[in-house]
Each structure stands twice: as structure tokens, then as C-alpha cells.
């Protein structure tokens with residue numbers, strides 16, 4: 001991680017941590033780097049979610065890009081995976097998504113996608129940060145007829161929608177589906193895709209105001225979708241986050257089907273069709289022990305990475321693996337996408353559901369979830385906290401006490417001033433005991449910001 005860019009872009013409170021000036025300079029650098037520095041005309045596609053501040057950053061990026069001689073193509077409100085897809089298929093030099101994903105409305109972020117539809121490589125991020133800090137004076141501006149221009153490109157979003165419909169291998173007719181769009185980017189596409197495929201849809205979180213994205217809705221507040229499914233007797237429900245690169249599922253009983261269970265369900269289906277490369281599912285260190293045991297029982301194995309779908313994809317790309325993801329709902333199906341794609345995930349789950357003739361609760365039943373508690377702790381300095389001897393000692397003590405019956409994972413957030421404390425154990429009581437034992441030690445050490 002750099003000074004500005006974390007595991008998922010440059011993110012922070014709009015106008016405070018991430019400013020219009022930052023966006024302008026990022027746009028100018030990218031326009032120069034992919035254009036004038038390589039002696040060609042640069043083309044960049046931009047998408048945004050529904051936050052009010054996204055307008056500010058959209059036009060700041062456009063100003064920066066065009067001042068460096070690049071042309072900007074605006075998809076307007078759209079999902080992160082759609083920007084990735086269009087960047088690759090339409091031959092753009094790079095793509096930019098304006099979103100803070102699952103964060104509240106007052107935060108925003110800038111995610112940069114390279115010409116291969118993948119998250120931007122660290123080497124280029126380092127150059128961007130040097131420019132933001134005034135340590136790169138090579139960036140030049142365009143003049144005269146070399147100045148760039150902006151184009152409307154909503155047709156790109158339409159082609160992404162068409163792509164998803166075309167790769168879905170069955171009709172959804174007769175299925176009642178709940179959709180929670182988080183008042184975010186998926187509100188523009190989710191209902192249309194499912195209804196085109198024949199589903200009867202019940203939709204919430206589809207009235208964005210600019211200030212209600214992720215507010216008591218979406219994948220971070222799954223209880224809204226659970227109530228919708230149960231109250232209306234639906235077959236299944238899907239919840240997305242603000243930029244729709246995540247998806248969580250709710251079965252017909254209103255029970256959560258998280259990213260781990262989704263990996264198990266899709267992995268089992270892909271294995272049966274012989275499309276699961278080496279029978280391997282890529283997960284992160286945050287995945288539940290129950291996933292690994294269920295995969296093993298079904299003849300599959302797992303490879304673990306650091307937290308972040310960026311790292312999951314890098315592992316998948318390096319070895320040609322076909323399926324990977326996170327417990328949070330970032331699921332990557334490499335045959336069709338190079339980033340987490342919530343819409344794609346929900347469509348693939350629908351295919352498995354309909355092909356199996358089973359209920360979603362039956363598909364996920366073989367995976368027993370071990371109790372797990374994750375607490376986000378606000379700290380003064382997350383890097384210093386992670387190196388504090390008293391925190392390290394508390395973690396070691398908990399690990400020794402749990403032995404082979406559990407595990408402890410403490411890590412810093414890539415995007416927020418948080419340390420995440422997670423304990424997984426055979427009982428909920430042990431999870432509670434050791435998580436708060438560690439947090440108490442952090443408080444005694446003066447690491448916690450109340």
C-alpha cells in the first residue's frame with residue numbers, strides 16, 4: 001500500500017482526504033502517462049456510483065485528462081466490473097471508477113483499472129503518488145488542437161448488460177428473486193437484467209439520493225434483504241454493495257449465504273462440469289474454516305491469499321485458476337471477469353440453483369460455518385498498532401489457548417484507520433472471549449481511538 005492508494009484505490013472522506021485537486025492531478029497524470037509519454041492519443045473510460053461527490057470527482061478527472069491531451073469517455077452511473085469489462089473489450093488505455101464501494105456516502109474513492117481490465121499495477125501507482133507529492137516534473141500539458149475532449153459513453157454500460165445476459169445459460173421464468181441494490185450503482189442495471197431473463201423481481205435499495213448509498217441496505221446490511229425474502233416468500237435474494245463488485249445471497253429461509261458459501265456452491269458446480277482448474281478454489285485468510293473442510297470433503301482444495309480481491313486475482317492469474325473470492329462477497333469467475341463482479345456472481349448462482357432443482361438452503365447445507373467474530377477497532381496509527389509488542393503478545397496468548405480448535409487473525413484495514421481483530425473457534429463463547437481479550441490489551445496499550 002502507498003501513501004494515498006490502498007488495496008482498492010485512493011479512498012477517504014470526499015473533500016477532506018480525497019479532494020477535487022487530487023482527482024484533477026490523477027487525471028492529468030494518467031492522460032500524460034498513457035498518452036504523451038508513449039507518443040499516442042490516450043483514451044480513458046470513467047464510471048461512477050451514486051454518491052453526490054462522484055459528480056465533483058468525475059469532472060475533475062475529465063479536466064485533468066483532457067488537459068493532458070487524453071479523451072475521456074463517460075459511462076456515468078455504472079458498476080466497477082462494467083468499467084473493467086469495457087476497458088478491456090473496447091480497447092481503452094485505462095479505466096477509472098469513482099466509488100468508495102461499501103463505505104458511507106461521505107467517503108469516495110478513485111479506482112484505476114489498466115488496459116487489461118485488471119486493477120492497476122503497483123509500479124504505476126507509485127508514479128501517480130510521486131506526482132501527487134510534487135516529485136515528478138515530467139508531466140506536461142496539451143495545447144491547441146492536442147487538448148482532449150469528453151464523450152458520452154452510456155452505450156458501454158448497455159453492452160456490459162447485454163454481455164451478462166448472453167452468457168447466462170438459462171431462463172429465470174417462474175423464479176421470485178429479491179434484489180437489494182444498496183442505493184448504489186446496480187440500481188441502474190440489476191432489475192433489467194433479471195427481468196429480461198424472466199425472473200419476477202422484488203427490488204429494494206433502488207432509490208439513490210446521493211446520500212443514502214449503503215445506508216441500512218446492500219451487502220453490509222443484509223437484514224433488509226432477509227426481511228424482503230421472508231415476507232414475500234421469495235426463492236432467493238441477492239444484495240450488492242455500492243459499486244456492485246460484491247454480492248451476498250439470502251436463501252429461501254432468509255439465511256445468509258456469504259462469500260465462502262458462494263465459493264463452495266460455485267466450486268462444486270464447476271467441478272461437476274469439469275471447469276474448475278485443478279479443482280482449486282482461491283480464498284483469503286479471512287475465509288471460514290468450514291469452507292476448507294467442505295471443499296476437502298467434496299474433493300477440492302484451496303489456496304489462500306492476503307485479504308483483497310486484487311490478491312485473489314493475482315493468484316488466479318498466475319496459475320490459471322477459474323474461481324476465487326472473499327467471504328465479503330468479492331467473487332471472481334475468471335472465464336468472464338478480471339475483478340469481483342456482483343451481478344455476474346448472482347447470475348451464476350441462479351444457473352446453479354435452477355440446474356440443480358434444489359433450494360439454495362440445500363446447496364449450501366454441506367458447509368458448516370464455524371463461529372467467527374470480527375471486530376473493527378479504530379486506532380490512532382494502524383501501522384504502529386500492528387507492531388506493538390503488547391498486541392502481538394495478546395495474539396500469541398490467544399493462539400496458544402485455542403490450539404487446533406481455532407485461529408486468530410489481526411490485520412490492518414487497507415482503506416480505513418482500523419485494525420480488524422478476528423477469532424474463529426468451535427464455540428461463540430471462545431470467539432467473544434479471545435477477541436475482547438485482545439481488544440482490552442490494545443486499550444491498555446493506548447492504541448485505541450474511542
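The values are calculated or read from the model by the stated rules, or taken from the named source; none is laboratory data. Everything numeric here is computed off the predicted structure, so don't read it as measured data. Note that each Cβ is placed from the backbone with ideal geometry, even for glycine, and that neighbours are counted across all protein chains shown.
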Condition check for residue 8: modelled with pLDDT under 95, surrounded by fewer than 21 Cβ atoms within 10 Å (Cβ to Cβ) and either out of contact with any helix residue (DSSP H, G or I) (no Cβ under 6 Å at 6 or more places or on another chain) or in the same structural domain as residue 137 (by TED's automatic domain parsing) (or both): no
Give 83, 139 a once-over and let me know the one that is modelled with pLDDT under 95 and farther than 14 Å from residue 10 by Cα. 139
What are the residues in the range 245-287 that are in a loop (DSSP other than H, G, I, E, B), in contact with a strand residue (DSSP E or B) (Cβ under 6 Å, 6 or more places away or on another chain) and over 19 Å from residue 347 (Cα atoms), if any? 285
Kindly establish whether residue 351 is in contact with a strand residue (DSSP E or B) (Cβ under 9 Å, 6 or more places away or on another chain), at pLDDT 95 or above and over 25 Å from residue 432 (Cα atoms). no
Within the range 177-185, does at least one residue satisfy the condition of being modelled with pLDDT of 95 or more and surrounded by fewer than 18 Cβ atoms within 10 Å (Cβ to Cβ)? no
Do the conditions hold for residue 320, that is, is it assigned by TED's automatic domain parsing to the domain that holds residue 268 and at pLDDT 95 or above? yes
Taking the range 146-169 and keeping residues in a helix (DSSP H, G or I) and either surrounded by fewer than 18 Cβ atoms within 10 Å (Cβ to Cβ) or without any contact (Cβ under 8 Å) to a residue 24 or more places away in the chain (or both) leaves 146, 154, 155, 158, 159, 162, 163, 165, 166
Just one of the numbered conditions (1) surrounded by fewer than 17 Cβ atoms within 10 Å (Cβ to Cβ); (2) at pLDDT 95 or above; (3) in contact with a strand residue (DSSP E or B) (Cβ under 8 Å, 6 or more places away or on another chain); (4) under 29 Å from residue 146 (Cα atoms) is not true of residue 65; which one? (1)
So if I check each of 217, 249, which one is closer than 23 Å to residue 372 by Cβ and surrounded by 18 or more Cβ atoms within 10 Å (Cβ to Cβ)? 249
Any residue in the range 160-174 that is in the same structural domain as residue 83 (by TED's automatic domain parsing) and on the phi > 0 side of the Ramachandran plot? no
If the requirement is being under 20 Å from residue 138 (Cβ atoms) and free of Cβ contacts under 8 Å to residues at least 40 places away in the same chain, which of these qualifies: 25, 3, 40? 40
Let me confirm something: among 56, 97, 75, which residue is within 19 Å of residue 19 (Cβ to Cβ) and either at pLDDT below 95 or surrounded by 21 or more Cβ atoms within 10 Å (Cβ to Cβ) (or both)? 97
Would you point out which residue out of 143, 126 is surrounded by fewer than 21 Cβ atoms within 10 Å (Cβ to Cβ), without any contact (Cβ under 8 Å) to a residue 24 or more places away in the chain and farther than 21 Å from residue 186 by Cβ? 143
